[in-house]
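Below: one structure, written as structure tokens.
The values are calculated or read from the model by the stated rules, or taken from the named source; none is laboratory data. Being a predicted model, the structure only gives us computed values, none of them experimental. Here the Cβ positions follow ideal geometry from the backbone for every residue, glycine too, while neighbour counts run over all protein chains shown.
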Amino acid sequence: MKKRLVIATLLILSLLVSACGSKVVATVNGEKITEPELKSRVEQVAAMYGYNLDSEQGKEIRGFLEEQVLQSLIEEKVVLQVAKEKKISVKKEDVQEELKKIKSQFPGDKEFQDFLKERKFAEKDLTVYLEHQLILNKLFDEVTKDITTTSKDIKQYYEENKEEFFVPEQVKARNIVVKTEEEAKALIAELDKGADFAKLAVEKSIDPTAKQNQGDIGYFDKDAGLVEEFKTAAFALKVGEYTKKPVRSIFGYHIIKVEDRTPAKQSTFEEVKKELEERFVFEEKNEKFANYVDEVMEKAKIEKKIPDKKANEQNQDGTKGNDQAKEQNKGN
């Protein structure tokens, strides 16, 4: 079955930029997509993935991105048009609440604005994105509301995939990282005198997340995506212990405290039953929504006003082939 972008993919790109009177690159049921809108979206996607569109490689990537982003914009327009027909809307206060949640993840407004600037977003773009996200979530729920249980035999899936539910040994740790070994030794001395680890993490750690999480790394196993020096030191500690010597890594000098340890275990079916049910229900909902998007796309009146690069390349290859054949025939 032909795969289409479903709700998660549609949402990540759903930032609209108005540009009245600009060149039109496509129409979707009469609604225009303009060249500045496409260009802005391409630049945002490039920034998201760290592409420099001014480099030689970036110039090659731009053409590919334009095709992909235009298709995404078309699908986005179609789905939002359907939502409008179904009279699906959201309240401004709900949008603002979502914006507030995102802002709360940053130490201050400056860091939030810097984050947007790096990704070539304006706050109004993010607001529109959040509005569309909420609308699309509602449409997704409406289209898939009849799927409440999975048709999959989850017990059979569990029995055939038990290794998936094996949980390796884990530790729960806190971390303080500083620039120099001397600073780390001084903090260890404070801990030896009874200082609070979490408080020191907030006050002294150069990890930007420490001010929010008090240095709490959470649970992780030996295969976690952390530097090896950190994992080795953490797993060598007993619960309640902290490293008596600084642990050096590419990030600086760490002091690590282990707060809990869970042994390796095989999760039982009862322990994962709810998780499996939710997973397969979501998969079936996602498949139904993807099919729904296919259907509305087929019914939509779509007109692209920029050339399809792939089609042109194929035509050019065909022309070259014909020219070569003609030359060979002349020689014969």
> Restricted to the range 224-244, and to residues that are among the basic types (K, R) and either in contact (Cβ under 8 Å) with a residue 60 or more places away in the chain or in contact with a strand residue (DSSP E or B) (Cβ under 8 Å, 6 or more places away or on another chain) (or both), which residue is farthest from I176 (Cα to Cα)?
Replying inline: K238
> Just checking, how many residues over the range 189-247 are outside any strand (DSSP E or B), under 16 Å from R261 (Cα atoms) and not acidic (D, E)?
Replying inline: 14
> Are any residues in the range 202-223 touching a residue at least 24 places away in the same chain (Cβ under 8 Å) and among the aliphatic types (A, V, I, L, M), and if so, which ones?
Replying inline: I206, A210, I217
> Among E76, E66, E93, which is in the same structural domain as G30 (by TED's automatic domain parsing), among the charged types (D, E, K, R), assigned to a helix (DSSP H, G or I) and surrounded by fewer than 17 Cβ atoms within 10 Å (Cβ to Cβ)?
Replying inline: E93
>> If I go through the range 70-109 residue by residue, how many of them are within 22 Å of V45 (Cα to Cα) and acidic (D, E)?
In response: 3
>> For the range 172-189, check the following and say yes or no: at least one residue is under 30 Å from I154 (Cβ atoms) and either assigned by TED's automatic domain parsing to the domain that holds G108 or of a type outside the set (A, V, I, L, M) (or both).
In response: yes
> Which of the following residues is touching a Pro at 6+ places or on another chain (Cβ under 9 Å) and not polar (S, T, N, Q): D146, D141, D221?
Replying inline: D221
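Sort out which residues of the range 51-63 are farther than 30 Å from V296 by Cα and either touching a helix residue (DSSP H, G or I) at 6+ places or on another chain (Cβ under 6 Å) or not in a helix (DSSP H, G or I) (or both), and write them in order of number.
Y51, N52, L53, D54, S55
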>> Restricting to the range 248-300, name every residue that is at pLDDT below 95 and basic (K, R).
In response: K299
>> Return the residues of the range 96-126 that are assigned to a loop (DSSP other than H, G, I, E, B), more than 26 Å from E37 (Cβ to Cβ) and under 20 Å from the mean Cα position of the chain (by Cα); say none if nothing qualifies.
In response: S104, Q105, F106
> Which of the residues belonging to the range 268-287 are of a type in the set (K, R) and either within 16 Å of N161 (Cβ to Cβ) or buried (at least 16 other Cβ atoms within 10 Å of the Cβ) (or both)?
Replying inline: K273, R279, K285
> Can you tell me which residues in the range 232-267 are farther than 20 Å from I206 by Cβ and crowded, with 16+ Cβ neighbours inside 10 Å?
Replying inline: F235, L237, V258, E259, R261
